[in-house]
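Heads up: the structure comes next, in structure tokens.
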């Protein structure tokens, strides 16, 4: 194991929350957003840019479960959920994309380089 291992084993760091895999979970996170702001990170597992942005987001994420509910959405496996998120929260689908949901509404969102420039602390209760 040496220098090239970091290139060959490019693993995504552990997501600091939950995987969004059902419509019931989407309903729960919207309901939870009335108490604690919720984040949804929409990620395309086939896109290297999306993977890079996801890794960068996770490595810089410093909030606790009491600050935000954090949800990861695999766009390829759960496309219908992604479409529902876009329709229900009135946010045009992009990938990668981070949505901030508070009181049942998307109060902020960003895609690509905008994700890490979102000032998440302003959405804390």
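Read-outs: derived from the displayed coordinates by stated rules, not from any lab. All values reported here derive from a predicted model rather than from experimental measurement. Methodologically, a virtual Cβ is constructed for each residue, glycine included, from the backbone with ideal geometry; neighbour enumeration extends over all protein chains shown.
Overview of results
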{"quantity": "Spacing of the two label points (7 Å from each Cα toward its C-beta) at residue 83 and residue 107, in nm", "calculated": "3.0"}
{"quantity": "Against the rule of thumb 2.2 N^0.38 Å, how large the Cα Rg of the chain comes out", "calculated": "1.05"}
{"quantity": "Pair residue 46, residue 124: separation of 7 Å Cα→Cβ label points (nm)", "calculated": "3.9"}
{"quantity": "Length gained when the stretch residue 24-residue 66 is fully extended (0.36 nm per residue, less Cα-Cα span)", "calculated": "13.0 nm"}
{"quantity": "The chain: angle of helix 23-32 to the longest principal axis, Cα-based, in degrees nearest 10", "calculated": "70"}
{"quantity": "Percent RCO, i.e. relative contact order, over the chain, from Cα pairs under 8 Å lying at least 6 residues apart", "calculated": "32"}
{"quantity": "DSSP bridge orientation in the chain - percent antiparallel, rounded to nearest 5", "calculated": "60"}
{"quantity": "Angle between the chain longest axis and helix 79-89 axis [Cα atoms, degrees, rounded to 10]", "calculated": "40"}
{"quantity": "Computed [θ] at 222 nm, helices only, for the chain once each DSSP H run of length n ≥ 4 contributes -39500 (n - 2.57)", "calculated": "-9000 deg cm²/dmol"}
